[in-house]
Amino acid sequence: MNESPIPAGSDANAAPSVRRGKRGEAAHVTTERLGWRTGLRRGIALAVAAVALFAPPMAIPAQVLPAVAAEPLPGADGKPLAFEVVSVREEELVTGAPSPVQMESTADGYRMKGVPLMALIQIAYIPSQGATHFGPNQITRLWEPLDSARYDIEAKVSEADLPQWNDPALQPGMLRAMLQAMLADRFKLAVHRETKIVPVFEMTAGRKGPKFRSSEGASPDEIAQRHPGVHVLILRSGAIAATGPNPGQQWLFGATMLALAEFLSTMAGRPIEDKTGLTGKYDITWQLELPTQDAGADRPRDFFTQQIIYVVQDQLGLKLSPADGPMESLVIDHVERPSEN
């Protein structure tokens with residue numbers, strides 16, 4: 001399990017979308033000893049709940065996206081991994097707010113409810129290196145008629161693959177590979193990757209030095225015990241993220257500057273590159289201002305971008321400077337409504 005809310009960036013600060021290509025937890029920790037399957041379910045629920053506060057409706061936070069090899073893994077029979085049985089149904093829309101997204105691992109498969117297509121793609125694909133996930137502005141949106149659709153998915157793993165599926169170290173990679181196969185089969189999804197030069201932030205050390213300390217090396221369960229009621233998530237980078245207990249309060253434990261840059265990139269509206277020269281691991285905390293529930297359309301599009309600039313400078317003792325740098329994007333070549341069950 002890994003990986004923070006993904007808020008919208010501003011028009012000025014967000015990296016532009018590519019239009020066309022050339023072709024835990026609880027005590028909330030996602031560890032096996034504390035119940036890795038329960039942690040996965042709760043961690044996803046937490047992260048998706050955060051989306052409602054921070055992000056556009058199609059964004060899924062990095063914490064829900066497990067680390068995995070870039071290439072699909074082979075199944076027990078040597079063939080590419082795929083679910084043995086998959087049911088995909090479009091959720092019927094009702095008036096009012098959409099129902100909460102639900103995702104959970106089961107003993108013999110995976111279950112999702114109310115999941116947008118963008119979320120499926122973000123879970124199934126990760127950047128080749130560096131960042132922990134593709135943000136919404138790194139995925140082309142060639143399927144506008146499907147943007148509002150949400151899906152209920154029930155998937156079963158073959159009996160031959162069950163031993164690996166029930167290994168918490170292997171399941172995240174298997175899930176990605178199986179979702180890729182499902183998207184290609186049922187949604188006729190075809191993608192390719194591109195790298196372009198886009199606006200970024202360079203993160204450097206401030207004049208007075210950083211305002212955080214070297215990591216104490218606490219384990220996830222030690223952090224949960226010290227801070228009752230917080231939600232602890234293990235990031236793909238190996239750092240530990242915690243939310244709360246105050247609204248908008250966030251912590252990173254055992255984080256490198258690269259991990260911090262990747263974590264904050266999701267809220268800054270553009271990639272952040274680490275240029276601090278700091279090579280250790282650190283325990284870091286900051287406080288965000290959350291939008292009020294009635295802010296609605298009046299909330300500035302750069303609401304979080306401007307906050308991250310302030311947080312990095314005033315709360316962390318670092319500095320963000322605009323620059324240009326490479327960013328990998330996922331280009332959607334083709335996608336359709338899912339085929340019938």
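The values are calculated or read from the model by the stated rules, or taken from the named source; none is laboratory data. Model, not experiment: these values are computed from the prediction. With ideal geometry, Cβ positions are generated from the backbone for all residues, glycine too; neighbour counts draw on all protein chains shown.
Side notes on the structure shown:
- Applying the criterion of at least 2 residues that are modelled with pLDDT of 85 or more and more than 21 Å from the chain's Cα centre (by Cα) to the strands (runs of 3 or more DSSP E) found wholly in the stretch 77-133 leaves 85-90.
- Odd one out for G206 among (1) closer than 30 Å to S87 by Cα; (2) in contact with a Leu (Cβ under 6 Å, 6 or more places away or on another chain); (3) surrounded by fewer than 19 Cβ atoms within 10 Å (Cβ to Cβ): (1)
So that you can scan it fast, the table gives a plain yes or no per residue for (1) surrounded by 16 or more Cβ atoms within 10 Å (Cβ to Cβ); (2) at pLDDT 90 or above; (3) on the phi < 0 side of the Ramachandran plot:
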| site | (1), (2), (3) |
| --- | --- |
| A297 | no, no, yes |
| D324 | no, yes, yes |
| L330 | yes, yes, yes |
| E340 | no, no, yes |
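- Flag if P220 is within 29 Å of Q313 (Cβ to Cβ) and either surrounded by 18 or more Cβ atoms within 10 Å (Cβ to Cβ) or modelled with pLDDT of 90 or more (or both): no
- Candidate set: the stretch 141-172, residues that are modelled with pLDDT under 80 and either of a type in the set (S, T, N, Q) or not in a loop (DSSP other than H, G, I, E, B) (or both); chosen: the one farthest from V191 (Cα to Cα): S148
- Verdict on L233 being more than 22 Å from G277 (Cβ to Cβ), assigned by TED's automatic domain parsing to the domain that holds T305, touching a helix residue (DSSP H, G or I) at 6+ places or on another chain (Cβ under 8 Å) and not β-branched (V, I, T): yes
Matching residues to (1) more than 21 Å from the chain's Cα centre (by Cα); (2) farther than 15 Å from M112 by Cβ:
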{"site": "K156", "(1), (2)": "yes, no"}
{"site": "D161", "(1), (2)": "yes, yes"}
{"site": "D167", "(1), (2)": "yes, yes"}
{"site": "M178", "(1), (2)": "no, no"}
{"site": "E194", "(1), (2)": "no, yes"}
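Per-residue answers, yes or no, for (1) basic (K, R); (2) over 24 Å from P271 (Cα atoms):
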{"residue": "K188", "(1), (2)": "yes, yes"}
{"residue": "E216", "(1), (2)": "no, yes"}
{"residue": "P220", "(1), (2)": "no, yes"}
{"residue": "H227", "(1), (2)": "no, yes"}
{"residue": "L233", "(1), (2)": "no, no"}
{"residue": "R236", "(1), (2)": "yes, no"}
{"residue": "T243", "(1), (2)": "no, no"}
{"residue": "G248", "(1), (2)": "no, no"}
